[in-house]
Amino acid sequence: MHLEIPLYQVDAFASKVFAGNPAAVCPLEEWLSEDLMQSIAQENNLSETAFFVREGPGYSLRWFTPVAEVDLCGHATLASAYVIFHYINTSTNRVVFNSKSGKLIVEKKNDLLSMDFPSLPPEPGEFPKDLVEGLDAVPEEVWRSNDYLALYSSERVVRSISPDFDKLKSLGLRGIIITSKGNKVDFVSRFFAPRYGINEDPVTGSAHSVLIPFWSKRLNKKKLHALQVSQRGGELFCEDAGDRTIIAGRAVEFMKGTIDIEI
């Protein structure tokens, strides 16, 4: 069978190309097999490939890393909304996705795309040996939600950490967030997910479902400005909305094309 599948690559949480977090987006008429979607994600070799199918007034959305499907991904959701706003339904400013993490709403507000995500506040946790050894820097505090969160004293320390990814791969949660107060923003972070084939993710929207409630309580403010200080870097505009988090950023198209395959 011959398939032609639209493919877009979008840099999320960026206002120019070659920054933020690149995601591949494949709009589908109907679902492909999981094996084929996983193979496409592996071939794309980006941290996430998103697939969506029209479902009633909204869309059903799934995300794949090069090695596995995940339950929640922020930057590929932002990228998917960008594709819908620019190519599929240019008259709307709001899109609703149904996902394994429930309903996700993205709204276009001028040049910002604003995502309504679940809040995943972390709880205090122990200092796992492989976490401390893998980061080679003892955190001030360790918290846990669906990810570990390691708190450090300064942005300088967060930027300087060079992880041992083999050590971090042994940890049981999805990934590892390292964070501190920012020099020019409210907080900074980096995110590592070697268990899912992503040593360091450039910008991680879903990690901010953990970071926003954490920093909102600590700084006693609802609206927060954040940077993910990876090599590419990304800027996020955040709000603590109780059991939801608002995560906003810009996006820019890098390319569009067609996957042309025989299966």
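Within the stretch 179-193, the presence of a residue that is closer than 23 Å to ASP71 by Cβ and outside any strand (DSSP E or B) is excluded. Within the stretch 86-103, take every residue that is basic (Lys, Arg) and either part of a loop (DSSP other than H, G, I, E, B) or in contact with a Lys or Arg (Cβ under 8 Å, 6 or more places away or on another chain) (or both) and give me the one that is farthest from VAL10 (Cα to Cα). Among residues in the stretch 86-103 that are basic (Lys, Arg) and either part of a loop (DSSP other than H, G, I, E, B) or in contact with a Lys or Arg (Cβ under 8 Å, 6 or more places away or on another chain) (or both), the one farthest from VAL10 (Cα to Cα) is LYS100. With respect to PRO22, determine if the residue is in contact with a Leu (Cβ under 8 Å, 6 or more places away or on another chain), more than 25 Å from GLU262 (Cβ to Cβ) and in contact (Cβ under 8 Å) with a residue 40 or more places away in the chain. For PRO22, the condition - in contact with a Leu (Cβ under 8 Å, 6 or more places away or on another chain), more than 25 Å from GLU262 (Cβ to Cβ) and in contact (Cβ under 8 Å) with a residue 40 or more places away in the chain - is met. Would you be able to say whether some residue in the stretch 46-60 is assigned to a helix (DSSP H, G or I) and free of Cβ contacts under 8 Å to residues at least 12 places away in the same chain? Within the stretch 46-60 (the criterion being assigned to a helix (DSSP H, G or I) and free of Cβ contacts under 8 Å to residues at least 12 places away in the same chain), the answer is no, since none of the residues qualifies.
So that you can scan it fast, the table gives a plain yes or no per residue for (1) under 20 Å from GLY20 (Cβ atoms); (2) in contact with a Cys (Cβ under 9 Å, 6 or more places away or on another chain):
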residue	(1), (2)
ILE177	yes, no
SER180	no, no
ASP186	yes, yes
ILE198	yes, no
VAL203	yes, no
LEU224	yes, yes
SER230	yes, no
ALA248	yes, yes
GLY257	yes, no
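If you go through the stretch 2-55 and keep only what is hydrophobic (A, V, I, L, M, F, W, C), surrounded by fewer than 16 Cβ atoms within 10 Å (Cβ to Cβ) and on the phi > 0 side of the Ramachandran plot, you end up with just PHE18.
Since every read-out is calculated from the coordinates, none of them should be taken as a lab result. Remember, predicted model here, so these are calculated numbers, not experimental data. Virtual Cβ from ideal backbone geometry, glycine too; neighbours counted across all protein chains shown.
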